[in-house]
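To start, the structure itself, in structure tokens.
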Amino acid sequence: MCHPVSTFAGICPKGDGKMEDSTEEHNSSFQSTKSMLIGFLVGGLAGAGAMLLLAPQSGAETRAQIRVKGIQLRDQAAATVKDALEQARVETEEMAAGVREKAGELKHRGQEKLVEQMDRASAALDAGKKAVKSD
């Protein structure tokens, strides 16, 4: 039987491993979101740099274009961050639901074991009483 803390953390060696799988999925999803965000920002900066180097226009036009592209990149980054935060919130809620479900299962199993032990103790007490009466 697993220690309650290790089961809560999803690292119990026995069982279906749902909690451990959920944690791994969350970490993998978070890493892919993080990688996507970093790639997006690096790509945007590289594109802006290439635009500056290859732009056949005046400095004022280039500065105006940089300003517009900067605003567009900021808005795109904000939208990407907002989406990543929403995804993290949803995944966190799913994990919390899984933890609550697992806790409920453990509580139920604990109650069953308690009733079982109480029945054994009661039977032993009854057997002891009979033994004392028959002596």
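A short reminder: the numbers here are calculations on the coordinates, not readings from a lab. This is a predicted model, so every value here is computed, not measured. Virtual Cβ from ideal backbone geometry, glycine too; neighbours counted across all protein chains shown.
Step through the residues of the stretch 102-119 one at a time and calculate ³J(HN,Hα) from phi using the Karplus curve (6.51 cos²θ - 1.76 cosθ + 1.60, θ = phi - 60°), rounding each to whole Hz and writing x for Gly and Pro.
5, 5, x, 4, 5, 4, 4, 5, x, 5, 4, 5, 4, 4, 4, 5, 5, 4
With each label point set 7 Å from Cα along the Cα-Cβ vector, what nm distance links Val90 and Lys34?
It is 2.1 nm.
Please work out the Kirkwood hydrodynamic radius for the stretch 74-135, using every pair of different C-alpha atoms, and report it in angstroms with one decimal place. Write out the running numbers ahead of the final one.
Details: mean 1/r = 0.0615 Å⁻¹.
Final number for the Kirkwood radius of the stretch 74-135 is 16.3 Å.
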